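Comments concern the structure below.
The values are calculated or read from the model by the stated rules, or taken from the named source; none is laboratory data. From a predicted model like this one, the values you see are computed outputs, not experimental measurements. Glycine also receives a Cβ, built like all others from the backbone with ideal geometry; neighbour counts cover every protein chain displayed. Note: areas computed on protein heavy atoms with side chains; ligands, DNA, RNA excluded. Shrake-Rupley method; radii C 1.70, N 1.55, O 1.52, S 1.80 Å.
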Amino acid sequence: MRLRNIPGARDIIAESPWIVQDPEEKKGCWKEVFGNDKPIHLEIGTGKGRFILQLALENPDINYIGLEKYSSVLIRALEKQDEALLPNLFFIRGDAELITAYFAEGEIDRIYLNFSDPWPKKRYAKRRLPSGAYLSRYNVILSEGGRIEFKTDNRMLFDYAVDEVPASPFQIAEITYDLHADPVMGAGNIMTEYEERFSAKGNKICKYILVRKETKEGTPNEEE
């Protein structure tokens, strides 16, 4: 999908109070950014912000960070936040590859991946957000009981993501290949802009939830 350039988007982002301009300097100090000790949830590829704004509105006892690479997309999320003024939501304009530079070990309690770029060509597989390479990064920044939630309408990407899990530090706790028809995993589901569009076309939404693998004693095993 080709992104439309929005004149002045970078300047608006540079001046927004909702954008953390120097995320590398906040590594290990995100609770100070929010001014409290509440759990921190991260959405990677936040797009226009519908999903994360709704989460932040419904869950004031959780802090949220939306990470988005493209200024012309992120500006739409900022427009929504300028109206909502949610104190438990900030954004980063940055690259997902740098998350271990932005966040300290165990600093994030949950990661959301929604309708990520499928990078269909095999040579770009490591750029896919549910790839083994990224799962290793998530393992660093997630807290001991942290989890990853991934959903997409792209069945090939989802099958790839499922295949990447066994060699990672994670295991699948829940999975569905038709989220909107699943009475358990579909309960309380918040749709993204893409999800609403794709499901209206009849596309089935796939989702998994990952948690860390456990040893026989029931303790997290980060060396598997």
Residue list for the stretch 120-139, restricted to those being under 23 Å from LEU55 (Cβ atoms) and not basic (Lys, Arg): LEU129, PRO130, TYR134, LEU135, TYR138, ASN139
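Each row is one residue, and each column tells you yes or no for (1) farther than 27 Å from GLN54 by Cβ; (2) part of a loop (DSSP other than H, G, I, E, B).
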| position | (1), (2) |
| --- | --- |
| GLY106 | no, yes |
| ARG110 | no, no |
| LEU113 | no, no |
| PRO118 | no, yes |
| ARG147 | no, no |
| ASP159 | yes, no |
| SER199 | no, no |
Search result, residues across the stretch 202-224 that are charged (D, E, K, R) and at pLDDT 95 or above: LYS204, LYS207, ARG212
Selected residue (criterion: farthest from PHE158 (Cα to Cα)) from residues of the stretch 89-104 that are within 16 Å of the chain's Cα centre (by Cα) and in a loop (DSSP other than H, G, I, E, B): PHE103
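For THR192, are the conditions met, namely being hydroxyl-bearing (Ser, Thr, Tyr) and modelled with pLDDT of 95 or more?
So THR192 fails the test.
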Test: residue in the stretch 161-173 that is in a helix (DSSP H, G or I), at pLDDT 95 or above and loosely packed, with under 12 Cβ neighbours inside 10 Å: yes
Number of positions in the stretch 183-197 that are touching a residue at least 12 places away in the same chain (Cβ under 8 Å) and not in a loop (DSSP other than H, G, I, E, B): 3
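Return the residue satisfying two criteria in turn: it lies in the stretch 78-122 and is aliphatic (A, V, I, L, M) and in contact with a strand residue (DSSP E or B) (Cβ under 6 Å, 6 or more places away or on another chain), and of such residues it is surrounded by the fewest Cβ atoms within 10 Å (Cβ to Cβ).
Here the answer is ALA96.
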Residues of the stretch 26-49 classified as closer than 19 Å to ASN189 by Cα, at pLDDT 95 or above and open to solvent by 20 Å² or more (accessible area, probe 1.4 Å), total: 1
